[in-house]
1. So for the range 3-114, taking the charge dipole from beta-carbon charges (+1 Lys/Arg, -1 Asp/Glu), which of 111, 82, 21 sits furthest toward the positive end?
2. For the chain, what is the accessible area per residue in Å², given a 1.4 Å probe and the full set of protein chains?
3. Starting from the Cα-Cα distance between residue 11 and residue 68, subtract it from 0.36 nm times their residue separation and give me the gain in nm to one decimal.
4. Considering only 97, 136, 37, give the residue with the highest GNM mean-square fluctuation for the chain, with springs between Cα atoms whenever their separation is below 10 Å.
5. On each of the three principal axes of the Cα atoms of the range 83-158, give max minus min coordinate, whole Å, ordered largest first.
6. Specify the angular offset, from 0 to 90 degrees and rounded to the nearest 10, of the alpha carbon long axis of helix 133-146 from the longest principal axis of the alpha carbons in the chain.
7. Under unit Cβ charges (Lys, Arg +1; Asp, Glu -1), what dipole magnitude, rounded to 20 debye, does the chain have relative to its Cα centre?
8. Could you state the number of Å between the C-alpha centres of the range 6-51 and the range 57-130?
Amino acid sequence: MQEKKAISNAKRTEKTRKLLIKAGKKLFVEKGFAATSTPEIVKAAGVTRGALYHHFSDKKDLFRAVVEQDCEAVGIEINRESEDADSLIDMLKTGSSAFVKAITSQGRARTILIEGPSVLGQKELLEIEDQFTRLSLRQGLESALKHRAIKPLALQPLVELVSSMLDGAALKVEAGFDFEEIEPIVHAFIDGLAE
């Protein structure tokens, strides 16, 4: 009997956390972090203020969870789209395209690229990205360097600059540029890295 109660409490706890993240994400995307109040979040989630502070230390902590969830979703898309690539260069191209498409859907550009740096700070945001989106990029570039598919360049500056280019491309798409116009430019850049 105790085990069933513990399982149901764990499920309820996880459900409440998910409701808060979902409500927070919706409001952060619609209104922005600064304009979103904690009473709005708990009302939208259908939970108490105490439940919010049981799961998150403050609004910023909830925002961090939203960014982590969004970065994880983007990382999954990158890996899914690039896993069947025919070559390492093709893998970098499909992964880059997948990044731009995934981050510019479901409000992720707003949470990660627009609000993320100011709310969390660049250092903390990059630490989160390094677990998901930039991890995929790093692994792809590292593999391409190891197998001499791209020019011998310093890995970390390469990760930083390619990541910045992809973030910039995503922000342009978010601002209204057509992805079909941006994608060939991103791919041409990657082709330029080829050995």
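1. So the residue furthest toward the plus end is 21.
2. 55
3. Computed gain between residue 11 and residue 68 is 18.5 nm.
4. Greatest mean-square fluctuation among the candidates belongs to 37.
5. Answer, in whole Å and largest first: 39, 25, 16 Å.
6. Roughly 30 degrees, rounded to the nearest 10.
7. The calculated dipole for the chain is roughly 1340 debye.
8. Centre-to-centre (Cα) distance: 21 Å.
The values are calculated or read from the model by the stated rules, or taken from the named source; none is laboratory data. Computed from a predicted structure; not experimentally measured. Methodologically, a virtual Cβ is constructed for each residue, glycine included, from the backbone with ideal geometry; neighbour enumeration extends over all protein chains shown. Only protein heavy atoms, including side chains, enter the accessible area calculation; ligands, DNA and RNA are left aside. Shrake-Rupley method; radii C 1.70, N 1.55, O 1.52, S 1.80 Å.
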